[in-house]
1. Local charge sum around residue 155 (other residues, Cβ-Cβ under 15 Å, Lys/Arg +1, Asp/Glu -1)?
2. So what's the Cα pair-distance distribution over the stretch 43-131, bin width 10 Å, in %?
3. Between residue 81 and residue 145, how many nm apart are label points set 7 Å from Cα along the C-beta direction?
4. State in Å² the accessible area per residue of the stretch 1-67; use a 1.4 Å probe, count heavy atoms of protein chains only, and round to the nearest integer.
5. In percent, how large is the relative contact order of the chain, given Cα pairs closer than 8 Å and 6 or more residues apart?
6. Accessible area of the chain with a 1.4 Å probe: how many percent of it is carbon plus sulfur?
7. Taking the solvent-accessible surface of protein heavy atoms with a 1.4 Å probe, what is the per residue accessible area of the stretch 77-159 in Å²?
8. Principal axes first, then extents: for the Cα atoms of the chain, list largest minus smallest coordinate on each axis, whole Å, largest first.
Amino acid sequence: MVTPSLDAIDLQILDALQNDGRMTNVDLAAQVGLTAPPCLRRVRGLEQAGVIKGYHATLDPLALGFGISVFALVSLRSQAESDLKAFEEHVAELPQVRECHMLNGEIDFILKIVAADLQAFQSFLTSELTTAPNVASVKTSLTIRTSKDVPGVPIPDHA
C-alpha cells in the first residue's frame, strides 16, 4: 500500500476524527481552520486512500453482558499458508473473537475473546476453538483489569 502524503491539516483532521468520529463536518472544519467544503473533500480523500478505514461506536462490554475478556495464544500443527488461512477463516466466523493477530515465533496467533462468564468461555473454548482444524494447543489468560484501551494510532504532531 502506498502511503499518501499527509500535510498538517490532514493530520489535524485525522486526530480530531479519531477522537470524535461523530463530529460534524462544520465543527471539524472550524477546528482545523478550513471552510466546510474543502474539509469534506479532504475527509473523502482520506477515506478513498484508505487512511480512514471506517467509523464505529465504542460499546461497553459489561452493559451488553460480556463480563470477561480473555487472550488466547494458539499454536497450529502446520504453518502452511493454506492452514493459516483456514484458521483465520474459522475465527473470522466466531463473533466472540474480537481480534486475531498472527505472530512471529513459537505462538502462531493471539486472539482477544469476550464471553459472558467463565462457563460461557469454557464452552466456547472446548466447542469452537480447540476443535478448530489444525489447532495444536491453546493457552489462555483471563483479563483481570484493563488500564489502557486506546483505539487507533498515535498521530504525529501536526504543528
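The values are calculated or read from the model by the stated rules, or taken from the named source; none is laboratory data. These numbers were taken from a predicted model, which means no experiment stands behind them. Methodologically, a virtual Cβ is constructed for each residue, glycine included, from the backbone with ideal geometry; neighbour enumeration extends over all protein chains shown. The protein model used for the area step is the full one, side chains on, heavy atoms only, and it has no ligands, DNA or RNA in it. Shrake-Rupley method; radii C 1.70, N 1.55, O 1.52, S 1.80 Å.
1. Working: positive: 42, 53; negative: 7, 10, 15, 20, 157.
Cβ neighbours under 15 Å give a net charge of -3.
2. 14, 38, 29, 17, 2
3. Distance between label points: 4.6 nm.
4. Values: 4660 Å² over 67 residues.
Solvent-accessible surface per residue comes out at 70 Å².
5. Details: 164 pairs, mean separation 43.5, N = 159.
Taking the mean separation of contacting Cα pairs over the length of the chain, I get 27 percent.
6. Values: 5760 of 10750 Å².
Percent of accessible area from carbon and sulfur atoms in the chain: 54.
7. On the way: 5860 Å² over 83 residues.
Dividing the accessible area of the stretch 77-159 by its residue count gives 71 Å².
8. 56, 38, 24
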